[in-house]
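Here the structure is laid out as structure tokens; the discussion comes afterwards.
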Amino acid sequence: MKARFYYESEEVKISVQLPFANDQNRLFYQKWYPNAVLEELREVEPSWKRLCKIVEKQKIRLKDDRASNILQFLDRHLSCLCESETRLYGAVLEKAQTIQEALELSVNLDCYQISRIGRVRQIKEHGYRYQKGSELPPVGMTGRYQVMAGVKMSKCNTWLFLPMTEEKKRSVEKRLGVESLEQMRAKLIELEEDHLERYLPEEGTVKELEQFAQALEERKSFQKADWETVYAALLIEQPENFREVCEVLEKSASYHLMPEQTKPTEHKTPFEYLELNGALQLHPLSEEIVTSWIYGRLRGELTDDRYEIEEPDVEMLYGDGLVKYKEKIQAQVKLDEAYGREDGGLAKYLYNALLREKICGIEVCVAEIAGELWSKTKIESYGPLSDTQTAQVKQYLSGLFSASWGKGLEQREIDLGREKLCLYFWHLKMNNDLYTEEELQEVLDMEISMSLE
């Protein structure tokens, strides 16, 4: 679906089409031709002709950011509809008088049914209500869902709203150009049960997430006490994938929370003591504390402030150039990292409750390796980390280094006497990958091999 705006004056006559190629394009036309009027919609599904009448009646102008955003949203959103949704949207559009109402209808299709004689009937209240100034809904959402997940592709990304019908799944596969979605990895974005996300792995296969969404659908009637039992069970069981999460959901029906511990087999949780009724834990936490390390590259900006000039010279330093400042860098990193170290250091800011239960300490430092200075982060955990948990830790550290903790360190320049050093654990202009010890050795071996060629 394309929107054509038209503007004519004594000096100029223009025709502009949405969606814009980029934001610069949009800002240019909105600045110079704000009163261009939406003249017509093109490439519209035959059953959606009602949309054309709506925009013609509304006289939408290019300067109207909100209306323009809605049109661009609809262009992307309506291309995600499967065949039955396309027919249903054409039928419910008769209810719309404005482009805003057309938007609201498009994301509430589960609220309507078409009878055998083609009559539209509303069966429940809208889950999403359009309000001026509110955020637009996610592209592809056509009604209530249990799980929202994101799939990354080389050419495009897409949202999945689960559970979904077989028709919808085939439609998504066709749009993405893949034979099957089932084994593709998807990141958990949002759940209908808000608090549950903190007690889950961060991603899984589409097949696993679909099964998980079905399990949640079967538990729509759960109350607060039911969910607290589930949260406690997830903390004790430590599931590593969504197949195991579904197992815990099934078993938790026989679990009980007790206000006081009456038996040694009852496990302490933030939600009272959990009785497993003889069930074996999936991954019980070990009492042994295991240390692992995560490594990353560093970048520095060396500024000579001996002379009072507006823009002093800045020298970019990487691992090899930072080695000679190792001691001062380590002292500054320790200073920044020191607060709260007695409470597990940076581990206490972990959002994921499963990971926070597993990891007892995170301490950041630096180390000289093969003639270069690297970040070296110590991870202490109850038992070894699984591959999934290691990936989650890397993601957490990337977030710390690129924002919050890392930004704080960047702003506190290291005094080198005549010069100041700004240190980056994460920077747009460097490789920000993080490595385990084994992965780092592979990287170093590859670099040595390439240098010998």
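Mind checking the full-extension length gain between Gln395 and Lys59? Use 0.36 nm per residue of separation minus the Cα-Cα distance, one decimal, nm.
Extra length available between Gln395 and Lys59 comes to 116.3 nm.
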**Per-peptide average of other Cβ atoms within 10 Å, ordering 272-278, 108-114 highest first** = 108-114, 272-278
**Message:** No solvent, one uniform scatterer per C-alpha: report log10 I(q)/I(0) for the chain via the Debye equation at q = 0.07, 0.11, 0.13 1/Å, two decimals.
**Reply:** -0.55, -1.08, -1.19
**Prompt:** Dipole size in debye (nearest 20) for the chain around its Cα centre, Lys and Arg Cβ +1, Asp and Glu Cβ -1?
**Reply:** 2560 debye
**Request:** Between Met184 and Glu301, with labels modelled 7 Å along Cα→Cβ, what's the label distance in nm to one decimal, could you check?
**Result:** 3.9 nm
**Item:** Computed log₁₀ I(q)/I(0) - Debye formula, equal Cα scatterers, no solvent, region 318-453, q 0.10, 0.16 Å⁻¹
**Value:** -0.36, -0.91
**Prompt:** What percent does the relative contact order of the chain come to when contacts are Cα pairs within less than 8 Å and at least six residues apart?
**Reply:** 10 percent
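Going by C-beta contacts inside 10 Å, put Met141, Met153, Met450, Met184 in order with the fewest on the left.
In increasing order of surrounding Cβ atoms, one gets Met450, Met153, Met184, Met141.
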**Request:** Tell me, rounded to the nearest percent, the portion of alpha carbon pairs in region 201-340 spaced more than 21 Å apart.
**Result:** 64 percent
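Listing Tyr351, Tyr89 from the residue with the fewest other Cβ atoms within 10 Å to the one with the most, what is the order?
Numbers: Tyr351 11, Tyr89 22.
In increasing order of surrounding Cβ atoms, one gets Tyr351, Tyr89.
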**Asked** Going through region 375-453, which trypsin sites (Lys or Arg not before Pro) have at most 12 other Cβ atoms within 10 Å and a DSSP loop state?
**Response** Arg412, Arg418, Lys429
**Complete:** Taking a crude spin-label model, label points 7 Å out from Cα along the C-beta direction, the Glu193 to Arg219 distance in nm is 0.3 nm
**Asked** Which ³J(HN,Hα) values in Hz, rounded to whole numbers, follow from the phi angles of region 421-430 under the Karplus curve 6.51 cos²θ - 1.76 cosθ + 1.60, where θ = phi - 60° and Gly and Pro get x?
**Response** 10, 9, 9, 10, 8, 8, 7, 4, 9, 9
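Based only on other Cβ atoms within 10 Å, what is the fewest-to-most ordering of Val151, Val206, Val314?
Values: Val151 18, Val206 22, Val314 12.
Listed from fewest to most nearby Cβ atoms, that is Val314, Val151, Val206.
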**Request:** Find how many whole Å separate the alpha carbon centroid of region 70-148 from the alpha carbon centroid of region 1-57.
**Result:** 22 Å
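Taken together, the values in this text are just the output of simple stated rules run on the coordinates, not laboratory data. Note that the coordinates shown come from a computational prediction; the quantities given were computed from them, not determined experimentally. All Cβ positions, glycine included, derive from the backbone under ideal geometry; neighbour counts span all protein chains shown.
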